Every structure is written in structure tokens, then in C-alpha cells.
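Working notes for the structure below.
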Amino acid sequence: MSPCSRRRPFAHTVAPHSDLRRNIAPGAIHDSNERCDAPKCMKETRVAVQEDIISWIDAEDRYAPSKRIMWVTGPAGTGKTAILGTIADACKERGTLAASFFFSAFSGSESRRTKRYFVPTLAFQLMGHSGLTGTRGHILSSVAQDDGIVFTKNLKEQFNAMVMSPLLSMAQEHDSGAKATPRVIIIDGLDECDFEQAVTAGSPNGMGYISIRRKEDEQTEILFLLLLAVSNPSFPFRILIASRPDMHIRDFFTTEGKLCTRELFLDDKYHPSADIALFYDAKFSTICRRLNINPEEWPGKEVKRLLVRNASGQFIYAATVIRYVEGSPHPPQHQLQGGKPSTAHQRLQHILAQQQVRSSHNPLEALDELYRLVLETCPDPDFSMKWLRASQQTLPDADYFLPVKILRLILEVTPGEEQYTLGPLSSLLPTQISEENLHKPYKFYHKSFLDFIADPARCGQRFLTKEEVLVWASQRLFQGLNRHIACVPVAYYSKAIAIFTNITRASFPVVEPEILASDLKEWTTVLLYARLTIWTDCSAIVQMLRALHRGCSPYCCRRSCRISSRKIVWLLRDLGWQIPYSLQIHRREWKEEYRYLL
């Protein structure tokens, strides 16, 4: 054997492993660092639910051969993620967990929001499972066969190549006739799997062909894939899925998936109120111990009973109450000065005072009242709502939310505004953000709050439309344009300016006063000299020129575009840059090209 042929197996193994590693979502695995603060069932709670799930996992297929999928479902806030996280931990300890994937539409990492990394992440975990000897080589071989093209194929082809085929090959090589230990794949938050926006280049406004595929299509595709897997007798796993009972998911499980699925609905059958009472007992005892309060005197049995009734089986309500009563570790100054409830007792009384008689037909009403109450503790609730809604906007050509660092660049006109507006909301999201998390979106404790602020029927008078939010964010961008420039990478400015390009032409006049008041000449000068060399990436400057022209008609530029663009263009010409003149610009626009090229 030649030296080259001896080295080939090594290269053949290392490269596929690197390819696979680059295409997984590490944060989606149940015990990832990203999920270190994820909710789990408190000891002695949700016992009956967990026993039902574990019994189903352990059941031999010969007793229940058709029910190889379990669907755990229930309304928002009933503890589905906490239950599956606890089950995943238990299964890992027992050696019965094959793989897991926890989708999240509002988590820090983009890779948990779509199906792109779903199959590779499952394959990566199967490859490293100690009980699946031989899987590693077969999975890596499948990845290597087409030089990584498998990651660009549709979901079914990926699953066949990286999961099914390796499992079947392993079974043939290690078939000893003995019954394998039951194992399970756990998938949480399927309803939070979103679509990937596919935009192709080709027009001056950056809007080419946009895929009309919906997130419901993506979720249904995953369900059909899993149904196909469990329908194969050689597939060795059961599949545990949790999601809200959205119409398209319920339709699947009541039609095509009915014969293979056992549904577990989190309703009163599992006595959630008793578990919530235990949760309150434990958490209030901790607060009393920390504050040196006698737990026999405060908060009192009647108060806890009332809070249990108000929860209506929703663990998210109970968790939010406790976080609110505990308060922020660094309360804003306006609370310390008596403007808002500042002690644990005052905060609890604030909740109780708001809990009036409610209509029984809306199970989310108590939770919505609690969210409204927390928002009203902010010194300027409207300002806080604008900031929160802005955090949920995406760029025109992306499907992810903006990281904290860029949001600060856009929204924070004066120092300390972020803490001023979000500090009182520590029961809804972490408000003390580490350096590492500045490069990720805000991490909210529960998606139900994001649903609340996006729903005018639930949010009420504080609701803001997407256009209102984008206009406000654009105004803030120009108001604080020069404040951050000395300490922010140029790439961040390109993304920040993209928010401005999202507003409609009709809304452009509202932003014009801020555009005209901003010093774009100084901004361009600092960008070129203080941050960059003359030949460094100029994408932010070109992006700004395109954004300023976006509100113009095909025949005449707006006053703000003429004045502001002139400040930038004349400066660049003085520095020797080749800038197109009016006739060249009109020719490019006539051809539907960009007026300014990178």
C-alpha cells in the first residue's frame, strides 16, 4: 500500500466530521450551555405526567407496536418544555436518550429556529452515543460520499443519508438477535420552527424572489419525515414531540399520524394546580428565608390559593409572579424613590390588586393581566413597548432577530436608556446582559410574552404595528447616529441601517426631520478616518446612500435625499472616490440596477 493510500482513510474521516460539526445546532441539544437556564420540573411536581411518558418510552413494541410517537401538547405556559427537558435528563442518565432537538423561536442562537440544522444535529448525537456502536463510521461515510452536498438536500434525503441508512447498516453488522434497549428521540417546540426566508438578488431595492413557503409547511414536513421513520420496522427509536395544539399540527396527528401517535394533553387530568401550589410553597419559602420573613405570616395560605386559582394551570403565570415578586437584582432608580412597588410585599400586593373578576372563556386573561401589570411598572410603558417590539424585527434579507449590540446602536440615543426601559422587566427577560450575550438577541423567558405584545386584542392600547415600530427605530437611528461610531464595527452599521430600509415610502416623511438634523458628513468622516483606512469595506456608507434614496420617486429625489446624499458624496469625491454623476445614476436605475455599487 502506498503512502497516499494509507493516509486516505484518515482524511476521509476528519473532513466529514468537520462538515457535520459546522452544520449542527449545539444550542438545541437538551444539555447545552445555551439551555442551562431552561425550565425544568421542580422535584415532586409533574410526577404523573413524567410517569406516563417514561412508561411509554420503556414499553416493548410488541405490546404497543403502532404508537411509536407521543405528542405532548397543551396551551401556552403549561410546562411542555420543562417536562421534556426533565424527561431528557432522566433518559440520558438511564442511557435511553438517543438524541434531542429543542426548537426555540426566541432563543439566542439562530440555528434553533429553522429546520436547517435539525437532521445533522440528530445525526451528530447518534454518532456519539455509546450504545450505538458502529454508527459513527456509517454517518461520516454518508457525509463524505458527496463531499458535503447532503446538507443542501431536502429534509427527507438528509434523514435517509445521515440517520436511516447508517442505522440500517449498523443493525445488519451488529444483529445479535437480542432485543435492543428502548431509546427515544425528543423534539420540543415544533410549533416554533420557522421558515427560512429565501431572497434572491436582482433588483435595486434588494427585493428579488421571496419564497412564499410558510412555517406551517416546514413543521408539517418534519412531521411527515418522522412518521416515515417510525413506519419503518428497522427504525429503533420512539419519538417524543411537544408543541402547542396549532391547527395544522393537530390536523396531522388526527389524520395521517393518528395510527402511530399517542396524544398526551396537559389538562386538569394531571392536576396542575396541585403542582403549582407546591411550586409557590417552595419559592415563597426561599423569598422569606432570604428576607428574614416568617413564612407562617407571609404571604398567607389564602393568598397562595388565590394565586393558584389565577394561574389556571399555567406554570408560566406562576413563574412570572415569582420573578416579579423577587424583583430585579438592580432595581432602577425610579423604583427606589417610591415611584413603583419596591419591596416583595408591595410587588405581591400590586399583583393581587390587579386580579379582578375575569371572564371564564379566556384562559389567557390572567396571564395577560399580569403582563400588562409588569409593563405598567416601567417609567415610560410606551417607550418600553417600542423597544420590545423593535427587538422582534428582522432584517429584509434575514430570518433572525437583531443582537443586543446592534439594537443598542439603533435605539440608545443617550447612555443608560436600555436599563431605564427594560430594567423593571426582569421578570420577563434577563436585563443584566453579559459581554458574550451582546452578540445574541434578547432572551425572553417565555414565548407567550412575545405573543402578547404582538397581538392587538391581548395587548390593548399599548399595541404597535410593525410600521410604527420601524418608523420609531429609524428616528432613533438618526438621532443617535454619531454617538456609537468610535466603538462599533462597521458591519454593525450596515445591519442597523437595514432597519431604516424597511419602512414604506408613505412613512418616509415622518423620519425626514431626524435625517436632516443628523450630521452625516461627520458620520462619514469618522467612519473613514477614525475607524477605517481609505480602502477598507465601505458597505455602511453605500448602504446609507441607498437607504436615503429609498423614499424617492423615480422622477425626483426628496429634499432629505438631495441634501443628505450631497454631504456624503461631495466628501467622497474630495477624497478621490469615483462616484457616479446624475446621468450615470439614472441609467443604472433605468436598468433596475443599484445606483451605488459596492
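The values are calculated or read from the model by the stated rules, or taken from the named source; none is laboratory data. Everything numeric in this text was worked out from a predicted model, so none of it was measured. FYI the Cβ positions are ideal-geometry reconstructions off the backbone, even for glycines, and counts take in every protein chain you see. Accessible surface is based on the protein model in full, side chains and every heavy atom, while ligands, DNA and RNA are left aside. Shrake-Rupley method; radii C 1.70, N 1.55, O 1.52, S 1.80 Å.
Tabulated results
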quantity: Search result, residues across the range 7-61 that are open to solvent by 50 Å² or more (accessible area, probe 1.4 Å), aliphatic (A, V, I, L, M) and modelled with pLDDT under 90; calculated: 11, 14, 15
quantity: Within the range 416-448, considering residues that are among the β-branched types (Val, Ile, Thr) and out of contact with any Leu (no Cβ under 6 Å at 6 or more places or on another chain), the one farthest from residue 106 (Cα to Cα); calculated: 421
quantity: Search result, residues across the range 285-305 that are touching a helix residue (DSSP H, G or I) at 6+ places or on another chain (Cβ under 7 Å) and closer than 24 Å to residue 266 by Cβ; calculated: 304
quantity: Selection from the range 401-437 of residues that are under 15 Å from the mean Cα position of the chain (by Cα) and open to solvent by 10 Å² or more (accessible area, probe 1.4 Å); calculated: 401, 403, 430, 437
quantity: Residues located in the range 236-262, provided they are farther than 17 Å from residue 75 by Cβ, part of a loop (DSSP other than H, G, I, E, B), touching a helix residue (DSSP H, G or I) at 6+ places or on another chain (Cβ under 7 Å) and open to solvent by 10 Å² or more (accessible area, probe 1.4 Å); calculated: 236, 256
quantity: Of all residues in the range 202-220 being open to solvent by less than 40 Å² (accessible area, probe 1.4 Å) and assigned to a loop (DSSP other than H, G, I, E, B), the one that is modelled with the highest pLDDT; calculated: 211
quantity: The lone exception for residue 452 - which of (1) outside any loop (DSSP other than H, G, I, E, B); (2) under 16 Å from residue 476 (Cβ atoms); (3) touching a Phe, Trp or Tyr at 6+ places or on another chain (Cβ under 8 Å) it fails; calculated: (2)
quantity: Test: residue in the range 287-310 that is within 25 Å of residue 47 (Cα to Cα), among the β-branched types (Val, Ile, Thr) and loosely packed, with under 15 Cβ neighbours inside 10 Å; calculated: no
quantity: Any chance residue 223 is open to solvent by less than 40 Å² (accessible area, probe 1.4 Å), within 16 Å of residue 154 (Cα to Cα) and modelled with pLDDT of 90 or more; calculated: yes
quantity: Filter result for residue 464 (more than 12 Å from residue 375 (Cα to Cα), modelled with pLDDT of 90 or more and part of a loop (DSSP other than H, G, I, E, B)); calculated: yes
quantity: Flag for residue 199 being surrounded by 12 or more Cβ atoms within 10 Å (Cβ to Cβ) and either at pLDDT 75 or above or of a type in the set (Asp, Glu) (or both); calculated: no
quantity: Within the range 554-569, tally of residues that are in contact (Cβ under 8 Å) with a residue 12 or more places away in the chain and either of a type in the set (A, V, I, L, M, F, W, C) or in contact with a Lys or Arg (Cβ under 8 Å, 6 or more places away or on another chain) (or both); calculated: 5
quantity: Residue match in the range 45-63 (condition: at positive phi and not in a helix (DSSP H, G or I)); calculated: yes
quantity: Conditions (1) under 30 Å from residue 276 (Cα atoms); (2) outside any helix (DSSP H, G or I); (3) open to solvent by 40 Å² or more (accessible area, probe 1.4 Å); number of the one not met by residue 81; calculated: (2)
quantity: Count of the range 129-139 residues which are open to solvent by 10 Å² or more (accessible area, probe 1.4 Å) and either at pLDDT 85 or above or within 26 Å of the chain's Cα centre (by Cα) (or both); calculated: 3
quantity: Failed condition for residue 464, given (1) under 26 Å from residue 191 (Cα atoms); (2) surrounded by fewer than 15 Cβ atoms within 10 Å (Cβ to Cβ); calculated: (2)
quantity: Filtered residue count, the range 90-125, keeping only those that are more than 30 Å from residue 454 (Cα to Cα) and out of contact with any Gly (no Cβ under 9 Å at 6 or more places or on another chain); calculated: 14
quantity: Flag if residue 268 is open to solvent by less than 70 Å² (accessible area, probe 1.4 Å) and among the charged types (D, E, K, R); calculated: no
quantity: Residues of the range 297-330 that turn out to be more than 16 Å from residue 353 (Cα to Cα), outside any helix (DSSP H, G or I) and free of Cβ contacts under 8 Å to residues at least 12 places away in the same chain, as a count; calculated: 1
quantity: So residue 144, is it open to solvent by 10 Å² or more (accessible area, probe 1.4 Å), within 25 Å of residue 244 (Cβ to Cβ) and of a type in the set (A, V, I, L, M); calculated: no
quantity: Subset of the range 100-128 [of a type in the set (Phe, Trp, Tyr) and open to solvent by 10 Å² or more (accessible area, probe 1.4 Å)]; calculated: 106, 117, 124
quantity: Among (1) more than 28 Å from residue 78 (Cα to Cα); (2) touching an Asp or Glu at 6+ places or on another chain (Cβ under 6 Å); (3) open to solvent by 20 Å² or more (accessible area, probe 1.4 Å); (4) not acidic (Asp, Glu) - the single one residue 458 does not satisfy; calculated: (1)
quantity: Helices (runs of 4 or more DSSP H) wholly inside the range 479-560 that include at least 3 residues being open to solvent by 10 Å² or more (accessible area, probe 1.4 Å) and at pLDDT 75 or above; calculated: 508-517, 520-529, 539-549
quantity: Given (1) assigned to a helix (DSSP H, G or I); (2) in contact with a strand residue (DSSP E or B) (Cβ under 9 Å, 6 or more places away or on another chain); (3) of a type outside the set (Val, Ile, Thr); (4) at pLDDT below 95, index of the condition residue 90 fails; calculated: (4)
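Here is a yes/no grid of residues against (1) within 24 Å of residue 110 (Cα to Cα); (2) assigned to a loop (DSSP other than H, G, I, E, B); (3) in contact with a Pro (Cβ under 7 Å, 6 or more places away or on another chain):
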| residue | (1), (2), (3) |
| --- | --- |
| 375 | no, no, yes |
| 388 | yes, no, no |
| 392 | yes, yes, no |
| 407 | yes, no, no |
| 414 | no, yes, no |
| 472 | no, no, no |
